[in-house]
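Here is the structure we will look at, set down as structure tokens.
The values are calculated or read from the model by the stated rules, or taken from the named source; none is laboratory data. Computed from a prediction, not measured in an experiment: that's the story for all the values here. Here the Cβ positions follow ideal geometry from the backbone for every residue, glycine too, while neighbour counts run over all protein chains shown. Just the protein is used for accessible areas: all its heavy atoms, side chains included, with ligands, DNA and RNA removed. Shrake-Rupley method; radii C 1.70, N 1.55, O 1.52, S 1.80 Å.
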Amino acid sequence: MLGEMQTNKGSMRQFLSMCKFKFHYLPFPETQDFRCWGACQESVITINPRFEVRLVNPFTHACINLPSITALNIQGAAKDCWFSVIHKAKYFKIQNEYMVFIIYGPRSEVAFTRSGDSRWSLVQSLIPARFVDVVCFKDQIMALSIVGTLFSLETNGVDTPRMLCVSSPPQQEKSWQKMYLVESSGDLLILFSYPNGNMVNRFRAYRFDISKREWMRLEDLGTNVLLVDTDICTSLPACDYLQRNCIYFVHDNLDSLLASGPRCMGNYMSVYNLKENYTDFMNLGNDNSFRYISATWVLPSLW
């Protein structure tokens, strides 16, 4: 899912179908002027200037209103910072119910809501930590701190949900740009993103050994691919149009907005081969938006 485009039919959201590498323009008024996070499933999460959070299907337009985040009393959550108050939002289906997690506020805390809830549940951590990602792994919520420490969420038998430390980060990795947690074919992976020249990223991956509670270097994704954007990472089986052992990374348009010339204008995708340490650089067309657009992955139910 790319940015909003003005057409003779009004504002349309631009989608790129990977199976045919074809652009589609679909009306998606539920996201107009909102910030969106792809959920690596068929819905996206949105927030508007009134701090209202919703779960929206871009194809059926079905919408679930989530509790407002104003009740969290987030420090500095003024009207002019609604866009940045949530750093990341993710949506999971666990045992026939949905759970939405957010990482929010100046301390990068975690909160969640689930089917039927009327409020957000705050998550405490026994060890002070700022969080950067959460993932559902075998129906267990795992989280990653800004220094790469792995946590698990405990909710049963406790008054307040809390994060428990599970493992330290891989010691070999330093000065990464971003980290992601992802479940891939029954394994828990951590993915490190490093800048590698203008708008191109390289990646390093590790698999978590549950018995040893340590990370093992992974140089081959097997028959899988990873789909990555600025916030989300998900795993899919390779197919005719998704090359095995590759990482497909879609970029935002921040450089386009900051650049004084046309050198960075456009929507971009990097295709990084993890085993060969090689990147293909794909231009997805001009970006005519004067607003920040973060391209994100959406998986229709047919997947």
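Annotations for the structure displayed:
- Percentage relative contact order, the chain, counting C-alpha pairs under 8 Å, at least six apart: 13 percent
- Estimated inter-spin distance, Cys63 and Gln171, nm [label 7 Å along Cα→Cβ]: 5.3 nm
- Across the stretch 1-56, the mean sequence separation of Cα contacts (distance under 8 Å, 6 or more residues apart), normalised by length, yields a relative contact order of 20 percent.
- Computing Rg and Dmax of the Cα atoms in Å directly from the structure and comparing it against (1) 27.2, 91; (2) 18.9, 59; (3) 23.7, 81 singles out (2).
- In order along the stretch 222-236, phi translates into HN-Hα couplings of x, 8, 9, 10, 10, 9, 10, 10, 5, 10, 10, 9, 9, 10, 9 Hz, rounded to whole numbers, per the Karplus curve 6.51 cos²θ - 1.76 cosθ + 1.60 with θ = phi - 60° and x for Gly and Pro.
- Amide H contacts of Glu42: Leu299, each under 5 Å away and 5 or more positions distant or on a separate chain (H built 1.01 Å from N in the peptide plane; Pro and chain starts excluded).
- Cleavage-rule hits (chymotrypsin sites (Phe, Trp or Tyr not before Pro)) in the stretch 1-66: DSSP loop, at most 16 neighbouring Cβ within 10 angstrom: Phe21, Phe59
- Ligands, DNA and RNA left out, the 1.4 Å accessible surface of the stretch 1-109 is 50% carbon and sulfur atoms.
- Those lysines that a straight Cα-Cα span of less than 24 Å connects to Lys90, excepting residues fewer than 8 apart in one chain: Lys79, Lys138, Lys178
- Full extension of the segment from Tyr241 to Arg217, taken as 0.36 nm per residue of separation minus the current Cα-Cα distance, would add 6.0 nm.
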